[in-house]
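The next block holds one structure in the form of structure tokens; read it before the comments.
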Amino acid sequence: MGVFEGVGKLGFGLMRLPRLESGEIDVELTKRLVDIFMDAGFNYFDTAWAYEGSEKAIKEALFDRYPRERIKFATKVASWMMCNGPEDVERQFDESLADTGAGFFDYYLLHNIGDSRTAFFDKYDTWSMIARKREEGLIGHFGVSTHGTPEEIDRVLTEHPEIEFVQVQINYGDWENPVLQSRKCYETIRKHGKEITVMEPIKGGMLANPHTRVQQLLKSVRPDDSCASWALRFAGSLEGVSVVLSGMNGIDQMEDNVRTFKGFEPLSESEYEVLDEARKIIDGIDLVPCTNCKYCEKMCPKNIGIPGTIAAVNYMKEYESRENGFFQLMSLVAFPGKALPVECIHCGACEVACPQKLQIRECMDIAVEELMGHVDEYKRVNLIKGFNPQD
């Protein structure tokens, strides 16, 4: 019996659930998303102890409303986060069990192995805890998630053949990326014969709304299909990929993704060539490939709105407008109450946390110099207070 027997190929990733203005997860909208997903015949949900509020929200939106036997559920333990010993690792497991109300986990993962994080799973003997919980019937299948290198993945899978599946970042934009090495990571996992669940197939939304030239290219081939559907089909067409996760936080996104997988159509050879051309266009644009995972923001001692700042810098680059980039900075960072990049102390905590291995400090400097440096103090202060130059 396969690891993902009875699981639909589209998975609902719960890291980016919709939020209210207060910052709390919008549980009512989440319920609607869950209903569309389940009504379409899909059943796999993926979250993590580290995703703030997600486990409690999914209890109310899913487990309190649907029979347990209809659900396939995955969550993760982060031994490198807020742990000082094996008892803290067990605490994370117990909290996940209580917060979700799941009763047991169909799938349980070590969260983001690689770099210095792997040592914490060894130090606190998380592997033994997993084995014990499986014997107790509280875990069905065991996997790992990773943004690591092919070498790190190969080492972990060699040392721990008990791992049944790997969750890894795969999308056509990163496929040949020399830093992320998406294709090589995929090939390494397949060499070990492990099944794959894909995260970031749309690269945090970047491939849902790519550069205008990419949109024009994709629409010229399949005018009725969204750009997101191309990215999802790329991931879903790969051999060994059992589940493609999508962090859907709106009705339109959910309906489009469900439509893509309800009548799933693997990419043709000519369509692979189209995506090769799209990748070349993307590689020629000097954008910062941030996926808005917010790991950096959680580690920032100054509470800087890092993903919003990066989005503003990208906006400036793509549309060649410092002024519009500045307005994006206000909208995405200042107005939501986050600190501006001028507060950056260059401690580097953000770069250690970044799965994409981005040069975040350099990006903060660009934002200060290019987006804020040309705006006079009066205008800056009043914009931050809510002044609208259109009024």
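The values are calculated or read from the model by the stated rules, or taken from the named source; none is laboratory data. As the structure is a computational prediction, the values presented were derived from the model and not from experiment. Positions of Cβ are backbone-derived with ideal geometry, glycine not excepted, and every protein chain shown enters the neighbour counts.
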Looking at (1) at pLDDT 95 or above; (2) in a helix (DSSP H, G or I), which is the only condition Tyr172 fails? (2)
Could you check Ile366 against (1) in contact with a helix residue (DSSP H, G or I) (Cβ under 7 Å, 6 or more places away or on another chain); (2) closer than 12 Å to Ile304 by Cβ and say which number it fails? (2)
In contact (Cβ under 8 Å) with a residue 12 or more places away in the chain, among the small types (Gly, Ala, Ser) and part of a loop (DSSP other than H, G, I, E, B): is that true of Ala131 in this structure? no
Cβ pairs under 7 Å, 6+ apart, first in the stretch 206-228 and closer than 16 Å to Asp283 by Cα and assigned to a helix (DSSP H, G or I), second of a type in the set (Asp, Glu) and modelled with pLDDT of 95 or more: Leu217/Glu277
Is the stretch 90-100 home to any residue that is acidic (Asp, Glu), crowded, with 18+ Cβ neighbours inside 10 Å and in a strand (DSSP E or B)? no
Kindly indicate which of Asp122, Asp154, Asp115 is without any contact (Cβ under 8 Å) to a residue 12 or more places away in the chain and either over 30 Å from Val27 (Cβ atoms) or outside any helix (DSSP H, G or I) (or both). Asp122
Subset of the stretch 265-284, residues within 22 Å of the chain's Cα centre (by Cα) and loosely packed, with under 15 Cβ neighbours inside 10 Å, comes to Asp283
In the stretch 238-264, which residues are among the charged types (D, E, K, R) and either buried (at least 20 other Cβ atoms within 10 Å of the Cβ) or in a helix (DSSP H, G or I) (or both)? Asp252, Glu255, Asp256, Arg259, Lys262
So, in the stretch 80-119, how many residues would count as being at pLDDT below 95, under 21 Å from Glu151 (Cβ atoms) and either touching a helix residue (DSSP H, G or I) at 6+ places or on another chain (Cβ under 9 Å) or not assigned by TED's automatic domain parsing to the domain that holds Glu60 (or both)? 7
Condition check for Val198: touching a Cys at 6+ places or on another chain (Cβ under 9 Å), at pLDDT 95 or above and of a type outside the set (Lys, Arg): no
With (1) in a loop (DSSP other than H, G, I, E, B); (2) buried (at least 21 other Cβ atoms within 10 Å of the Cβ) as the list, and Ala231 as the residue in question, which single condition is left unmet? (1)
